[in-house]
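A short worksheet on the structure shown next.
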Amino acid sequence: MKLLAPSILSADFSQLSQQIRLIEMGGADIIHCDIMDGRFVPNISFGTPVVKAVRKSTKLPIDVHLMIKDPDNYIEAFRNAGADYISVHQEEVVHLNRTINYIRDLGAKAGVVINPSTPVESLTEILEYIDYVLIMSVNPGYGGQIFIESTFRRVAKLAKMRDDYDLEFLIEVDGGIDKSNIQKLSKAGCDMFVIGSSIVKSDNITASTVELKNLIKI
Ligand code: DX5
Ligand code: ZN
């Protein structure tokens, strides 16, 4: 199952619910929310009030990507705001099994995110406990960055680990995805595609969503 998860990070926030409607009309499966605190990453984005606004604007599942220090302190608030999927960075969380259990106990799907320089092999011991892995294809912090090519190899390696261990977690990729790389990414094993600028910065949000969704159906 291939899922398109447009990110609202680069959306026009003065027209947020309208833009979400356009994304929805294009066949998006999930709405991705990038939470940045200016500490784990150098930029600040938005918090629970915006996630609540997204919740009121759509019935689609909401995927919250926490790029923040001490995520355990905020997980419940994001779940209450409407998050259905919650991911935390492996580089930030020391007691990862505990955090994953916490997210699942709150009734959300639990994911672990790795930065481009973190080896996929470092996830070996957690894979059987999680619902998805988010592989960053840019260094987190900003929308509109260039896709890092080693991502293809990393996704393929993780997909092989999934087969070898007979597991079912989903593989999500985030950053710099557009129509030039999305098919290759899909073939490498990506299941969930996070796309910001290529959708919300395009001239026709619905048409771009449709086009990208068609490209992942292999
Ligand atoms: C980076 C963010 C993004 C973003 C995707 O920290 O996680 O990667 O939502 O945006 P684009 O598609 O513009 O790279
Ligand atoms: Zn993200």
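Every number in this text was worked out from the coordinates using simple rules, so none of it is lab data. Keep in mind that what you see is a predicted model, and the values were worked out from it rather than measured. Every residue, glycine among them, receives a Cβ derived from its backbone with ideal geometry; neighbour counts consider all protein chains shown.
Each row is one residue, and each column tells you yes or no for (1) within 16 Å of ligand 2 (Cβ to nearest atom); (2) in a loop (DSSP other than H, G, I, E, B).
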position	(1), (2)
Arg98	no, no
Arg104	no, no
Gly111	yes, no
Thr118	yes, yes
Pro140	yes, yes
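Scanning the range 149-177 for residues that are buried (at least 17 other Cβ atoms within 10 Å of the Cβ), away from ligand 2 (no atom under 14 Å from the Cβ) and part of a loop (DSSP other than H, G, I, E, B) turns up just one, Phe169. Among the conditions (1) touching a helix residue (DSSP H, G or I) at 6+ places or on another chain (Cβ under 6 Å); (2) over 22 Å from Pro42 (Cβ atoms), the only one that His95 does not satisfy is (1). Quick one: would you say Val54 is part of a helix (DSSP H, G or I), farther than 30 Å from Gly189 by Cβ and of a type in the set (Val, Ile, Thr)? It is false that Val54 is part of a helix (DSSP H, G or I), farther than 30 Å from Gly189 by Cβ and of a type in the set (Val, Ile, Thr). Residues of the range 73-87 that are assigned to a helix (DSSP H, G or I) and touching a helix residue (DSSP H, G or I) at 6+ places or on another chain (Cβ under 7 Å): Ile75, Ala77, Phe78, Ala81. Is it true that some residue in the range 178-193 is in contact (Cβ under 8 Å) with a residue 40 or more places away in the chain and under 14 Å from Gly26 (Cβ atoms)? Within the range 178-193 (the criterion being in contact (Cβ under 8 Å) with a residue 40 or more places away in the chain and under 14 Å from Gly26 (Cβ atoms)), the answer is yes, since at least one residue qualifies.
Residues considered: Glu121, Glu24. Of these, the only one that is of a type outside the set (A, V, I, L, M, F, W, C) and farther than 30 Å from Ser202 by Cα is Glu121. Candidates in the range 11-44 are the residues that are of a type outside the set (Lys, Arg), surrounded by fewer than 16 Cβ atoms within 10 Å (Cβ to Cβ) and part of a loop (DSSP other than H, G, I, E, B); of these, the one that is nearest to ligand 2 (Cβ to nearest atom) is Asn43. With respect to the conditions (1) assigned to a loop (DSSP other than H, G, I, E, B); (2) within 16 Å of ligand 2 (Cβ to nearest atom), Ser180 lacks only one, and its number is (2). Consider the range 45-72 and keep the residues that are of a type in the set (Asp, Glu) and in contact with a Phe, Trp or Tyr (Cβ under 8 Å, 6 or more places away or on another chain). The one that is surrounded by the fewest Cβ atoms within 10 Å (Cβ to Cβ) is Asp72.
The residues of the range 194-218 that are free of Cβ contacts under 8 Å to residues at least 12 places away in the same chain and in a helix (DSSP H, G or I) amount to a single one, Asn214. Just for the range 57-72: of the residues that are in a loop (DSSP other than H, G, I, E, B) and away from ligand 2 (no atom under 15 Å from the Cβ), which one is nearest to Gly27 (Cα to Cα)? The extreme case among them is Leu60.
If only residues of the range 183-211 that are away from ligand 2 (no atom under 16 Å from the Cβ) and touching a strand residue (DSSP E or B) at 6+ places or on another chain (Cβ under 7 Å) are counted, the one that is nearest to Val113 (Cα to Cα) is Gly189.
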